[in-house]
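K.L.:
Below is the structure I would like to discuss, written out as structure tokens.
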Amino acid sequence: MAKKSLDAWIKEAMNDTSKEGPCTALSVVHMVGGTNNINHQEVHTLRFGGTGSYEPKALADMFEGKARTYCQDLPGVQYFALWAMYGTNEPQAKLPFLVNVEAQGWAGASEPPNDTGERMQNMRQKEMGFQQIYKRQQEMDNHSIAMIRAMSSHIQELQTENRDANRIVIEVLRTQALDNHTQKMAELAFERATAERKKWLSYAPPLINRLMGTEIFPQGMADTALIEQVANAITPDIAMKLADVVPSELWGPLAGRLNEAQQKQRHEREAIASLPRATQSEFDTSENGMVRQ
């Protein structure tokens with residue numbers, strides 16, 4: 001059977017037609033030494049009269065508040081009763097109820113001063129002890145759960161930030177590698193185009209002189225272009241073989257000219273390498289190998 005609330009009981013008592021007359025008063029009393037009527041202390045009495053309106057819920061809250069205020073400094077569980085009177089001072093309807101108090105001190109306890117009261121007191125002490133233990137455990141559990149949730153949320157935020165940072169770093173490295181590759185290819189194309197242009201231009205003076213049948217370009221320029229082509233193609237092994245077969249009186253001047261040509265070519269390569277990358281990337285190579293800007 002479901003427990004009946006104070007307001008439901010008050011409503012039933014006020015509308016009870018089985019009594020000799022209407023309900024004239026309600027009273028809340030403190031039961032000292034048990035639930036009998038011998039030892040009780042009246043806490044508050046309300047007498048009905050006039051044409052006032054009495055709401056059962058408001059009356060229930062009022063009587064319960066009076067009871068809790070009365071026993072606020074008493075220990076453990078206190079017994080109270082709500083009495084209903086119908087034209088007399090004797091209660092004709094009663095509703096016992098309990099108020100659980102957490103307080104220090106033992107004066108005015110509801111347990112009687114005998115063996116039964118001692119057992120009741122021990123039970124209340126154990127009940128209060130277990131209530132305190134469970135309350136403390138609940139507080140600790142709530143605190144632990146809140147900490148775990150906060151740490152989980154923080155870890156998820158850090159993981160998200162770490163993934164975003166890694167994604168940005170990978171994208172930057174990929175872009176940088178692609179830029180470096182593109183720049184390197186542009187440098188190689190520039191060097192190749194420069195070398196090819198120089199080679200084709202070096203062929204021009206002797207060929208034009210031969211085709212035209214006259215010295216359009218000075219012979220010295222043609223000889224210089226030829227020497228530079230030989231210096232560009234000659235290797236140390238070939239140079240040693242030439243030194244063995246070419247007479248010494250001819251090899252000396254030839255070796256000097258080849259050395260000068262190689263130094264000139266080396267200086268040109270160093271100058272090209274020292275150019276800014278933006279300048280080098282402006283050069284391109286067409287399909288036929290010629291250079292254009």
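The values are calculated or read from the model by the stated rules, or taken from the named source; none is laboratory data. It should be emphasised that the depicted structure is a prediction, and the values quoted were computed from it without experimental measurement. When we count neighbours, we look across all protein chains shown, and the Cβ atoms used for this are built from the backbone with ideal geometry, even at glycine.
K.L.:
Quick check on this structure: which one of I155, I168 is more than 16 Å from the chain's Cα centre (by Cα), surrounded by 10 or more Cβ atoms within 10 Å (Cβ to Cβ), aliphatic (A, V, I, L, M) and outside the structural domain of L74 (by TED's automatic domain parsing)?
P.N.:
I168
K.L.:
In addition: Within the range 112-140, how many residues are aliphatic (A, V, I, L, M), without any contact (Cβ under 8 Å) to a residue 24 or more places away in the chain and either surrounded by 12 or more Cβ atoms within 10 Å (Cβ to Cβ) or not in a helix (DSSP H, G or I) (or both)?
P.N.:
So the answer is 2.
K.L.:
Looking at the structure I just gave you, is E161 touching a residue at least 24 places away in the same chain (Cβ under 8 Å) and either touching a Leu at 6+ places or on another chain (Cβ under 6 Å) or not β-branched (V, I, T) (or both)?
P.N.:
no
K.L.:
For the range 1-32, give me the residue count where each residue is among the small types (G, A, S) and closer than 19 Å to K66 by Cβ.
P.N.:
Residues meeting the conditions: 5.
K.L.:
Of all residues being of a type in the set (K, R) and part of a loop (DSSP other than H, G, I, E, B) in the range 1-35, which is modelled with the highest pLDDT? Just the residue, please.
P.N.:
By that ranking, first place goes to K19.
K.L.:
Let me ask something else. Specify which of the listed residues (L207, L158) is farther than 20 Å from R266 by Cβ, modelled with pLDDT of 65 or more and assigned to a helix (DSSP H, G or I).
P.N.:
Answer to the check: L158.
K.L.:
Regarding Y70, is this residue of a type in the set (S, T, Y), surrounded by 15 or more Cβ atoms within 10 Å (Cβ to Cβ) and touching a residue at least 40 places away in the same chain (Cβ under 8 Å)?
P.N.:
Answer is yes for this residue.
K.L.:
What's the number of the condition Q41 fails, among (1) modelled with pLDDT of 85 or more; (2) within 60 Å of the chain's Cα centre (by Cα); (3) among the polar types (S, T, N, Q)?
P.N.:
(2)
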